[in-house]
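*Asks:* Got a structure here, written out as structure tokens. Questions coming.
The values are calculated or read from the model by the stated rules, or taken from the named source; none is laboratory data. Computed from a prediction, not measured in an experiment: that's the story for all the values here. Ideal geometry is used to build each Cβ from the backbone, glycine not excepted, and the neighbour counts take in all protein chains shown.
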Amino acid sequence: MLPSENRLRRREDFTAAVRGGRRSGRRTLVVHLNDTNPHGTGENTPLPRAGFVVSKAVGNSVVRHRTQRRLRHLVRTRLPRLPAGSLVVVRALPGAGEASSERLARDLDAALTRLLGEVRP
């Protein structure tokens, strides 16, 4: 489960990530990242936060919730890669419901690598 302090909850935060940030799309998901930290640096730098959008196009309620749980688990292990104070929204595409966890992980890693400007090993 994603820790409480790392969750996006407010509509304004989702909007800030989607409209104010960059995005990277893959076959099963789209990742939106807003890494501009309005609070600056220091001891009170907020933690990175993540939110998820899984629409009815992904599948029925069972499929949507399972997909969201899988994405939450994948993002939790990748939180240390994210800049402090960043906002991340992961939007599942219709193929995400049938995709394997390995496929979702590959797509998430590829999107984050592109957004963070990391060099692949």
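*Asks:* Residues of the range 1-33 being among the polar types (S, T, N, Q) and in a helix (DSSP H, G or I), which ones? Can you show your working first?
*Replies:* Going through the range 1-33, the residues among the polar types (S, T, N, Q) turn out to be 4, 6, 15, 24, 28.
Across the range 1-33, the qualifying residues are Ser4, Asn6, Thr15.
*Asks:* Regarding Thr67, is this residue over 18 Å from Glu12 (Cα atoms) and buried (at least 16 other Cβ atoms within 10 Å of the Cβ)?
*Replies:* It is true that Thr67 is over 18 Å from Glu12 (Cα atoms) and buried (at least 16 other Cβ atoms within 10 Å of the Cβ).
*Asks:* Specify the residue that is surrounded by the most Cβ atoms within 10 Å (Cβ to Cβ); the eligible residues are those in the range 71-81 that are closer than 15 Å to Pro3 by Cα and more than 10 Å from the chain's Cα centre (by Cα). Please lay out each step first, then the result.
*Replies:* Looking only at the range 71-81, we keep the residues that are closer than 15 Å to Pro3 by Cα, and these are 71-80.
Checking which are more than 10 Å from the chain's Cα centre (by Cα) leaves us with 73, 77, 80.
Values: His73: 14, Thr77: 10, Pro80: 6.
If we take residues in the range 71-81 being closer than 15 Å to Pro3 by Cα and more than 10 Å from the chain's Cα centre (by Cα), then His73 is surrounded by the most Cβ atoms within 10 Å (Cβ to Cβ).
*Asks:* Something else now. Specify which of the listed residues (Ala16, Ala96) is among the small types (Gly, Ala, Ser) and in contact with a helix residue (DSSP H, G or I) (Cβ under 6 Å, 6 or more places away or on another chain).
*Replies:* On the way: Ala16 fails: in contact with a helix residue (DSSP H, G or I) (Cβ under 6 Å, 6 or more places away or on another chain).
Checking each option against the conditions leaves just Ala96.
*Asks:* Could you identify the single residue in Thr41, Thr45 that is surrounded by 12 or more Cβ atoms within 10 Å (Cβ to Cβ), among the polar types (S, T, N, Q), out of contact with any helix residue (DSSP H, G or I) (no Cβ under 9 Å at 6 or more places or on another chain) and at pLDDT below 95?
*Replies:* Details: Thr41 fails: surrounded by 12 or more Cβ atoms within 10 Å (Cβ to Cβ).
Residue meeting the stated conditions: Thr45.
*Asks:* Scan (1) within 23 Å of Thr15 (Cα to Cα); (2) among the basic types (Lys, Arg); (3) at pLDDT 95 or above for the single condition Arg106 breaks and write down its number.
*Replies:* For Arg106, the failing item is (1).
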